[in-house]
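Peer 1: This structure is in structure tokens; I'll ask about it shortly.
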């Protein structure tokens with residue numbers, strides 16, 4: 001892992017809203033940040049606004065963050081890996097095609113669940129990720145040390161890290177991000193078309209309509225790549241949405257007051273019970289997990305923690321002298337450690353746990 005005593009150097013490839021925000025946040029944490037962009041003027045503007053210390057290539061960085069459109073991530077990540085960068089991550093909203101193509105232990109797929117109506121480097125904000133969820137997608141190739149470095153960097157920006165397998169991430173994000181955006185855009189287009197016939201329509205748009213369609217104001221340029229890379233999952237969610245809308249339509253057409261009320265109550269309950277955002281705090285515990293030295297162990301343990309809603313605050317692996325096994329060491333909230341231990345035992349692991357003493361002076 002990167003020692004706080006050593007100079008930390010990051011390279012940002014793509015200096016738009018997300019890349020610029022990462023640069024601003026890392027520089028505030030004391031990192032030396034260089035960056036490049038296919039638009040040289042944009043990279044120069046990023047340096048002018050303080051998102052970069054200087055415009056420069058990725059070679060020599062401790063970590064490279066690829067913040068290009070999804071379709072350009074693989075080439076940019078491969079270039080950074082070929083340049084000798086020891087840890088590379090990205091911020092794209094589609095993960096499986098990228099991780100499968102790269103298949104490099106130094107690459108850690110990532111996706112910050114954060115954004116802004118502002119566009120480009122001018123909208124960059126060092127606080128953009130504070131309190132947000134940042135998904136990391138380790139697979140059977142991911143090196144534990146690389147995962148730990150990226151996870152520590154992300155947490156330093158104020159985000160909560162969760163680990164999800166790449167394919168599962170793509171299915172989930174189709175539901176909570178891709179289809180909602182496309183639906184909002186479609187509804188906004190429908191209202192706009194109707195407004196040509198009824199000029200007062202959009203003037204009557206109340207808060208609910210504006211809230212629901214707000215995300216349609218996002219930059220459209222990224223969406224062809226996203227839809228191409230995650231088309232199967234998006235289409236499946238659209239099929240489910242269309243079927244659900246048809247059921248609601250039928251309730252309305254039949255004047256089924258009871259059925260409609262039940263459906264709306266169920267939706268209201270689900271909305272009220274959405275998990276609160278924010279990083280878990282409080283006493284911590286160390287869980288030590290003896291693991292075989294084989295690909296995929298890191299992904300298994302981190303994915304289990306995510307499924308059990310256990311936030312991993314830190315992670316590292318200690319290899320045995322014989323090289324046949326090791327110990328995965330994870331730091332988690334003490335209140336959730338028993339849940340993680342039980343889950344690990346159920347999967348034939350033999351973990352032990354130690355509560356960290358937070359009262360030392």
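The values are calculated or read from the model by the stated rules, or taken from the named source; none is laboratory data. This structure is a prediction, so every number in the text was calculated from the model and none was measured. Ideal geometry is used to build each Cβ from the backbone, glycine not excepted, and the neighbour counts take in all protein chains shown.
Peer 1: Here are some conditions: (1) part of a loop (DSSP other than H, G, I, E, B); (2) buried (at least 21 other Cβ atoms within 10 Å of the Cβ). Residue 46 meets all but one. Which one does it not meet?
Peer 2: Single failed check for residue 46: (1).
Peer 1: Another one. So which residues in the stretch 74-84 are touching a helix residue (DSSP H, G or I) at 6+ places or on another chain (Cβ under 9 Å) and over 12 Å from residue 12 (Cα atoms)?
Peer 2: 74, 78, 81
Peer 1: Still on this structure: Could you please find all residues in the stretch 96-133 being at positive phi and touching a strand residue (DSSP E or B) at 6+ places or on another chain (Cβ under 9 Å)?
Peer 2: 131
Peer 1: Now for a different question. For residue 312, state whether it is at pLDDT 80 or above and either in contact with a helix residue (DSSP H, G or I) (Cβ under 6 Å, 6 or more places away or on another chain) or outside any strand (DSSP E or B) (or both).
Peer 2: Spelling it out, residue 312 is indeed at pLDDT 80 or above and either in contact with a helix residue (DSSP H, G or I) (Cβ under 6 Å, 6 or more places away or on another chain) or outside any strand (DSSP E or B) (or both).
Peer 1: Let me ask something else about it. Select from the stretch 13-35 the residues that are surrounded by 20 or more Cβ atoms within 10 Å (Cβ to Cβ) and touching a strand residue (DSSP E or B) at 6+ places or on another chain (Cβ under 7 Å) and list them in ascending order. Walk me through how you get there before you give the answer.
Peer 2: Step one: filter the stretch 13-35 for residues surrounded by 20 or more Cβ atoms within 10 Å (Cβ to Cβ), giving 13-26, 31, 33-35.
Hits for the stretch 13-35 are 13, 14, 15, 18, 19, 22, 23, 26, 31, 33, 34, 35.
Peer 1: To continue, here is another question. Return yes when residue 318 is free of Cβ contacts under 8 Å to residues at least 40 places away in the same chain, part of a strand (DSSP E or B) and touching a strand residue (DSSP E or B) at 6+ places or on another chain (Cβ under 7 Å) and no when it is not.
Peer 2: Considered against the rule, which asks whether it is free of Cβ contacts under 8 Å to residues at least 40 places away in the same chain, part of a strand (DSSP E or B) and touching a strand residue (DSSP E or B) at 6+ places or on another chain (Cβ under 7 Å), residue 318 comes out as yes.
Peer 1: Hey, could you check the stretch 80-95 for residues that are in contact with a strand residue (DSSP E or B) (Cβ under 8 Å, 6 or more places away or on another chain) and part of a helix (DSSP H, G or I) and say which is nearest to residue 139 (Cα to Cα)?
Peer 2: Going through the qualifying residues, I end up with 81.
Peer 1: Looking only at the stretch 79-100, filter to residues that are more than 15 Å from the chain's Cα centre (by Cα) and closer than 26 Å to residue 174 by Cα; which one of those is surrounded by the fewest Cβ atoms within 10 Å (Cβ to Cβ)?
Peer 2: 100
Peer 1: Ok, one more. Being over 23 Å from residue 130 (Cβ atoms) and either touching a helix residue (DSSP H, G or I) at 6+ places or on another chain (Cβ under 7 Å) or modelled with pLDDT under 95 (or both) is true for just one of 16, 20, 71, 30. Which residue is that?
Peer 2: 71
Peer 1: Which of the residues spanning the stretch 233-266 are surrounded by 11 or more Cβ atoms within 10 Å (Cβ to Cβ) and closer than 30 Å to residue 166 by Cβ?
Peer 2: 233, 234, 235, 236, 237, 238, 240, 241, 244, 245
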